[in-house]
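Each remark here refers to the structure printed beneath this line.
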Amino acid sequence: MRTPVTRERVISAAAELVDSKGPDALVLSQLADTLDVRQSALYKHVDGVDDVQHQLSLLARKLLAQHLRDAAVGLSRDDAVIALADAWRSFVHIHPGLYAITDRYPTAPHADLVAAVGEVVDVINRVIAGYGLSDDDSEQAAWSLRSALHGFCVLESQEGHPAGTDPDRAYRRLVELLCAGISRM
């Protein structure tokens, strides 16, 4: 007996597809093949590839926020930053295609995506709050942390590091620099 196709199943299959083959593999014909249905059958559940990308972007951000939350809960200051940074990088390793979709699909004007980004930012803000910084310094520290982690992970996923560089060592050093900088603010 064939498993019925649902919207949730389409999005789940799309997430697996982009994580295994990259975001460029997200075409409806490939997705239909993955689900063993005709492409036209997908339109009962999604409004096209744009809708699927939107849903994947939403899923990625929600999963990232939960992954970060789980890692940082109960920790403070440098321990929380280190745990958050490690969780961020591990998420990108586990879900490279989903993570890449977040850069390909803009949040504005989609309220659900803006809210999902807000969940990620909220986790970062909670981690930064442990340092007892002023509002302005907290905002700058959170932005810097998010930018650095995102930038490193994107470069790493695209093999954009210099030849001979140990990415693990470079990441540890980056996180150490971030912790030292935040502590000095």
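The values are calculated or read from the model by the stated rules, or taken from the named source; none is laboratory data. Just so it is clear, the model here is predicted, and its values are computed rather than measured. Here the Cβ positions follow ideal geometry from the backbone for every residue, glycine too, while neighbour counts run over all protein chains shown. The accessibility values were calculated without ligands, DNA or RNA, using every heavy atom of the protein model including side chains. Shrake-Rupley method; radii C 1.70, N 1.55, O 1.52, S 1.80 Å.
So what's the angle, to the nearest 10 degrees on a 0 to 90 scale, between helix 7-21 and the longest Cα principal axis of the chain?
Taking the Cα atoms of the chain, the angle to 7-21 is about 70 degrees.
Counting only trypsin sites (Lys or Arg not before Pro) that sit in a DSSP loop (anything but H, G, I, E, B) with at most 16 other Cβ atoms within 10 Å, what is the longest stretch of the chain containing none of them?
Numbers: sites that count: R2, R38, K44.
Between the exposed loop sites, the longest stretch runs 45-185.
Quote the relative contact order of the chain in percent (integer), defining contacts as alpha-carbon pairs under 8 Å separated by 6+ residues.
On the way: 169 pairs, mean separation 39.0, N = 185.
With pairs under 8 Å counted, the relative contact order is 21 percent.
To the nearest 500 deg cm²/dmol, what mean residue ellipticity at 222 nm is calculated for the chain from DSSP H runs of n ≥ 4 alone, each contributing -39,500 (n - 2.57), summed and divided by the residues?
Counting only the DSSP helices, I get -24500 deg cm²/dmol.
For the range 55-135, what is the accessible area per residue in Å², given a 1.4 Å probe and the full set of protein chains?
Numbers: 3730 Å² over 81 residues.
Heavy-atom SASA per residue in the range 55-135 reads 46 Å².
At a 1.4 Å probe, what is the % contribution of carbon and sulfur to the accessible area of the range 81-123? Please list the in-between numbers first.
Values: 1150 of 1760 Å².
With neighbouring chains kept in place, the figure for the range 81-123 is 65 percent.
Could you tell me which of rounded, prolate or oblate describes the range 77-119, using a ≥ b ≥ c as the square roots of the eigenvalues of the alpha-carbon gyration tensor, with rounded for a/c under 1.5 and, failing that, prolate when a/b is larger than b/c and oblate otherwise? It would help to have the intermediate numbers written out before the result.
Values: a/c = 3.88, a/b = 1.54, b/c = 2.52.
Verdict is oblate for the range 77-119.
Against the longest principal axis of the chain, how steep is helix 77-94, in degrees 0 to 90 to the nearest 10, with axes from Cα atoms?
Helix 77-94 and the main axis of the chain meet at about 20 degrees.
For the chain, take N as its residue count and report Rg(C-alpha) divided by 2.2 N^0.38 Å. Don't jump to the answer; show the numbers that get you there.
Values: Rg = 18.4 Å, N = 185, 2.2 N^0.38 = 16.0 Å.
After normalising by residue count via 2.2 N^0.38 Å, the value is 1.15.
So how long is each side of the range 69-163 along the principal axes, counting just the alpha-carbon atoms, biggest first, in Å?
Taking max minus min along each principal axis of the Cα atoms, the range 69-163 gives 38, 35, 24 Å.
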